[in-house]
Amino acid sequence: MIASEDDRNEKDEAPGSPRRLVRSDGAHSEWLHSYGRRRGRRLKPNQTALIEKHLDALSVTVPLDLAATFGKMPERLRLEIGFGGGEHLAHQAANNPDVSFLGAEPFMNGVATMLRHFEQKGLRNVRLYRGDARDLFSGIPDSSLETIYVLHPDPWPKARHNKRRLIQKPFLDQAWRMLKPGGELRLATDDPDYLIWMLQRVLIHPGFEWTARTADDWRLIPDDAIETRYGIKSRLEGRPATFLKLRRRETAA
Ligand SMILES: C[S@@+](CC[C@H](N)C(=O)[O-])C[C@H]1O[C@@H](n2cnc3c(N)ncnc32)[C@H](O)[C@@H]1O
């Protein structure tokens, strides 16, 4: 059997370990891919037009320079990892005009959809990275983010692919470093196996506290959020999402 590119890439990887990969756009990512495809169906002409009109001005390059990206160092900053079609990112950005938002998504069709929201809502406080969110981490100072959103990350259900799951200890360590004390890591998943995986990692991480007090705190979508495309799809298919709010503790010791 011929090994797939994924199979070749994953040999001898420690879970969540960084490694140097050359991406199709020529840039480098230090991480084992946690996402599937970067390209989907052919872009429609209106999507191509949106990309040509907005993407250069909105795009973040790595290494990330936050002050240059936003014109000055943002006082309030949030990050959404894997924004998909960008509906949640656009919703948060529209409702919080005083907050700066970074969104990362390697899937080009999702980026094009986000640009439609961007234009419709007239957003000015969002910048996008078309790649692995973890490429941005080195440019994000300690204690600088108020929220990190990871909504319906790819579940990587096969055991041999679990190491591609985003939620790993090295990721949680970085999230703790970048979040302000009291800041929130918000996770959502519709995959029961990934939920257990997440809980097994976040609950033993000394830097985070799960804020849920009643079942509604993890069963119901947070008041200030909206359902994403994957959230709607999974609910309609009988797999309601679970929402985890993790508060960043002062210390991780
Ligand atoms: C299952 S989709 C969910 C999309 C969206 N959050 C939603 O709920 O509809 C997961 C998304 O995360 C993206 N993704 C996975 N790993 C990522 C990473 N390391 N950085 C940025 N995006 C990532 C994938 O490309 C994919 O679009």
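Extension gain, residue 73 to residue 94: 0.36 nm times the residue separation minus the Cα-Cα distance gives 5.6 nm.
Can you tell me the length gained on complete extension of the stretch residue 249 to residue 41, counting 0.36 nm per residue apart and subtracting the Cα distance?
Length difference between fully extended and current span is 70.6 nm.
Just flag the trypsin sites (Lys or Arg not before Pro) in region 147-215 sitting in loop per DSSP whose Cβ has no more than 13 other Cβ atoms within 10 Å. Sparse-neighbourhood loop trypsin sites (Lys or Arg not before Pro): 158, 213. Counted by Cβ distance under 12 Å from residue 239, the other residues give a net charge of -2, where Lys and Arg count +1 and Asp and Glu count -1. A helix-only calculation puts the chain at -8000 deg cm²/dmol for mean residue ellipticity at 222 nm, using -39500 (n - 2.57) for each DSSP H run of at least four residues, averaged over all residues. Once the C-beta distance of residue 120 and residue 223 is scaled by a Förster radius of 22 Å, the resulting FRET efficiency is 0.45 to the nearest 0.05.
The lysines whose alpha-carbon is closer than 29 Å to the alpha-carbon of residue 44, local same-chain residues fewer than 8 away aside, are 53, 121, 233. Compared with the direct C-alpha span, the chain from residue 210 to residue 173 gains 11.8 nm at full extension, assuming 0.36 nm per residue. Each semi-axis of the equivalent ellipsoid for the chain is √(5λ) with λ an eigenvalue of the Cα gyration tensor; in descending order they amount to 25, 23, 20 Å.
Each of residue 163 and residue 59 was given a label point 7 Å from its Cα along the Cα-to-Cβ line. The distance between the two points is 3.1 nm.
Taking other residues whose beta carbon is less than 14 angstrom from the beta carbon of residue 167, and scoring Lys, Arg as +1 and Asp, Glu as -1, yields +3. The translational diffusion coefficient of region 122-253, from Stokes-Einstein at 25 °C and 0.890 mPa s with a Kirkwood hydrodynamic radius over alpha carbon pairs, comes to 157 µm²/s.
No value in this document is a laboratory result; all are computed from the given coordinates. On a predicted model such as this, the values are computed, not experimentally measured, just so you know. All Cβ positions, glycine included, derive from the backbone under ideal geometry; neighbour counts span all protein chains shown.
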